[in-house]
Structures are given as structure tokens and as C-alpha cells.
Amino acid sequence: VKTEGSIQDLPAVWMEGSDVVMIEQRKLPGVFELLRATTTDEVALSIRDMAVRGAPSIGATAAYGMAQAQMLGEDLDTAAEKLKATRPTAFDLFYAVDLMQKLARTGGDLAEASRSYADNLTARCRRIGEHGEKLIRDGARILTHCNAGALATLDHGTALAPIREAHARGKGIFVFADETRPRMQGARLTVWELMQEDIPHALIADNAAGHFMQRGEIDMVITGADRVTLAGDAANKIGTYEKAVLARENAIPFYVAVPVSTIDFSMEDWRDIPIEERGEDEVLSVWGKRLSPEGARARNPAFDVTPAKYITGIITEEGVFKPEEIGGLKDRLGTL
Ligand code: MRU
């Protein structure tokens with residue numbers, strides 16, 4: 001389905017009947033297209049191949065995938081297994097599938113449950129924006145990495161939610177967006193989202209952030225996360241860790257913004273977080289164009305972990321917390 005559109009008109013993913021419909025993120029910003037997944041295999045493929053991406057959007061897509069399986073009378077354990085085998089780092093995926101499975105076991109209607117999961121997530125991201133906005137001073141210059149915007153979370157974003165809110169309140173902010181090799185989420189998606197709301201920004205090469213920090217041109221960093229541990233360590237897009245270390249070196253506050261569905265309260269040691277390693281081609285080629293010589297080899301970890309000691313605060317729907325406080329929030333943060 002080809003159509004015109006923007007992320008302001010539509011969520012990243014939704015359901016129509018038993019179809020899971022999403023904005024095809026691999027084609028943005030050049031082509032705005034919707035992708036319709038009609039089977040569990042298609043939903044799983046859309047997550048694995050990153051037609052839909054960003055931990056909270058992946059979680060919502062998987063919740064819809066479980067609802068689809070229930071509507072089509074498929075075996076829910078098989079569907080859960082297929083969906084969970086797609087992207088190992090994004091905790092929201094496991095959170096959403098387990099929640100849907102639990103509800104189904106007690107006779108729950110997953111069409112209803114997945115819709116309320118999505119509505120709830122959207123409301124939580126809005127609250128992340130409201131809490132995080134208070135940390136942003138007038139005229140702040142903010143660095144973000146990857147895309148933790150509406151595309152990654154259905155609406156508003158996590159890292160981009162406070163940025164949107166600060167801009168809406170007239171704070172005169174400026175955003176530095178890392179291009180985010182190898183999948184270019186910053187160059188393709190974050191900049192696209194910022195442009196739709198006229199938020200002043202500059203796209204920078206992944207290796208440029210240290211330069212701007214050293215020259216006093218970045219006041220704070222806000223990123224999303226794919227999984228936060230009990231100790232407040234945060235796995236996020238590859239390259240986040242080095243930005244956090246650079247921020248510490250330059251005395252710049254470093255914030256991580258997440259909904260509760262990204263916090264893995266069972267994960268004590270960050271070394272146990274499964275880090276997705278994607279195909280070599282993503283590194284050997286630049287957006288489909290091969291640059292490295294034939295026969296060259298590559299490694300492609302999609303995420304790294306920023307230890308809690310580099311994180312100034314974690315922005316959640318319930319407020320801003322120190323990393324060491326996150327473990328104690330299990331009950332307070334509630335469930336989606
Ligand atoms: O590989 P991606 O594009 O799914 O990675 C996305 C990120 O790293 C985001 O920062 C993270 O999922 C948080 S999204 C609100």
C-alpha cells in the first residue's frame with residue numbers, strides 16, 4: 001500500500017481485523033509505505049528484518065502478532081516462540097509476548113489486550129516527555145543516538161519525547177542526531193521526525209560527537225534503550241557506550257529514557273544481556289552499496305551496554321530516577 005503520510009498522522013504499527021499494519025521503516029524517508037502482515041511468520045519477519053524497529057514498537061508489534069494468532073486460531077506457544085526468536089536484545093519483545101500469553105491462558109481477549117497495551121504505551125511515552133522536559137533548559141543543545149522517536153515507540157518516542165515537549169514549550173532547543181551506522185536510523189528516521197515538527201537540528205557523523213562535546217557545543221545527551229538491568233545498566237544501539245564515556249569525560253549529563261516494558265527486572269548482570277549480532281553485509285555495504293572489497297569480513301554487533309556509572313538519570317513514565325533506584329521500582333512502575 002503506497003500512501004503519503006507522516007508519523008504525526010499514524011502510529012508506527014496498528015491492527016486492522018487480524019492484519020498487523022505498520023509503517024515500512026526500511027523505505028523511509030524516501031518512500032512512505034504501509035506493510036500488512038497477515039501471518040505470524042510475516043509479523044516475525046517484519047521485526048527481524050526491521051520493517052518495524054525500536055524496542056517499544058517491536059513489543060507492540062509482537063503483542064498484535066499474538067492477538068492475530070489467537071484470532072486465526074493458531075497455537076499461541078508456537079506463535080510466541082516465533083516472535084521471540086526475532087531480535088534478542090529488545091526486552092519489550094519478551095515482555096509483551098509473555099504478557100499476552102499470560103492473559104490468553106486466563107481466557108483473555110488478545111485483540112482487546114494488545115490494543116490497550118499500545119494505548120498504554122503511548123500514554124507512558126507522553127509522560128516520559130513531560131518528566132524529561134523538566135531536565136531540559138532553555139536553549140539546550142541535545143545529542144541523541146539512533147531513533148528513539150515515534151517510529152520506535154508507536155508515538156512520541158522515549159528520547160525524543162522530552163525533546164518534542166521542550167520544543168512545544170518554546171525552549172529554543174537544538175538537536176544533534178548521530179547518523180547511526182550501519183542502519184542509519186539517525187540519518188533516515190530521527191532527522192525525518194525532527195523535520196516534521198520543525199525542531200532545529202544537525203545530523204552528524206557517528207564519530208563527530210566527541211568533537212562537539214569537547215568544544216562545549218553539546219549540553220546533554222538523551223538516548224533510548226533496548227534493555228535496562230536491575231542495576232540501571234542500559235543496552236542501546238551500538239555506539240551509545242562510547243558517547244556515554246565521552247559525555248563523562250566532558251562533564252555532560254547523560255540520560256536514558258525508557259518505559260517500564262524496557263526494564264528487565266530479572267537481569268542482574270549486564271554481561272548476561274544477549275547482544276544481537278547482525279549480518280556482515282550491513283557493515284561491508286553502505287545502504288545496499290558495497291564499498292569493501294569482495295572477501296572482506298566484518299563484525300556487526302547491533303547493541304552495546306552503557307554501565308550505570310555513566311548514566312546521570314533514567315527518565316521513565318513515573319519520573320526521573322538514578323540508575324541504582326531502578327531495581328526498587330518494580331511495583332511502583334506497574335505493568336503495561
Ligand atoms: O536496531 P533498532 O533500530 O531496533 O534499535 C533501536 C534503538 O537502539 C533504540 O534506541 C531503542 O530501541 C529504544 S527505542 C525507543
Check your understanding: So how do 105-114, 126-135, 63-72, 156-165 stack up, highest first, on mean other-Cβ count within 10 Å?
Key -> 156-165, 63-72, 126-135, 105-114
Exercise for review: Take peptides 205-216, 230-241 and line them up by average Cβ neighbours within 10 Å, highest first, as a rough protection proxy.
Suggested key: 230-241, 205-216
**Study point:** Theoretical ellipticity at 222 nm over the chain - DSSP helices of four or more residues, -39500 (n - 2.57) apiece, nearest 500
**Key:** -10000 deg cm²/dmol
Check your understanding: Give me the Kirkwood hydrodynamic radius of the range 186-336 in Å, from all C-alpha pairs, to one decimal place?
Key -> 17.0
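Starting from the Cα-Cα distance between SER18 and ARG332, subtract it from 0.36 nm times their residue separation and give me the gain in nm to one decimal. List each step's numbers first, then the result.
Numbers: separation 314, 0.36 × 314 = 113.04 nm, distance 3.39 nm.
Net length gain for the segment: 109.6 nm.
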Exercise for review: Please report, to one decimal in angstroms, the Kirkwood hydrodynamic radius of the range 208-248 built from all distinct Cα-Cα pairs.
Suggested key: 11.2
Revision key, fill the gap. P(r) over all Cα-Cα pairs of the range 69-224, 10 Å bins from 0 to the longest distance, whole percent per bin, short to long, reads 10, 33, 28, 18, 9, 1
Point to revise | Against the rule of thumb 2.2 N^0.38 Å, how large the Cα Rg of the range 182-223 comes out | key: 1.24
Point to revise | Sequence ranges 283-290, 90-97, ranked by mean other-Cβ count within 10 angstrom, highest first | key: 90-97, 283-290
Exercise for review: Mind telling me which of ASP98, ASP198, ASP155 comes out most flexible in a GNM of the chain, alpha-carbon contacts under 10 Å?
Suggested key: ASP198
Practice item. Let me know the volume per residue of the alpha-carbon convex hull for the range 156-245, in Å³. Key: 108
Practice item. Along each of the three principal axes of the Cα atoms of the range 23-73, give the extent in whole Å, ordering the values from largest to smallest. Key: 37, 20, 13
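In the range 149-203, what is the volume of the convex hull around the alpha carbon atoms, normalised per residue and reported in Å³?
65
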Review point. Near LYS289, which aspartates and glutamates are there with a Cα under 16 Å away, not counting those fewer than 8 places off in the same chain?
Key: GLU280, ASP281
Study note, to complete from the structure: Counting all Cα-Cα pairs in the chain, those more than 33 Å apart amount in percent to 21
Review point. Expressed as a fraction of 2.2 N^0.38 Å, the rule-of-thumb size for a compact globular protein of N residues, what is the C-alpha radius of gyration of the range 1-137?
Key: 1.05
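Readers should treat all values here as calculations from the given coordinates under stated rules, not as data from a laboratory. What you see is a predicted model; the values in this text were computed from it and never measured. Note that each Cβ is placed from the backbone with ideal geometry, even for glycine, and that neighbours are counted across all protein chains shown.
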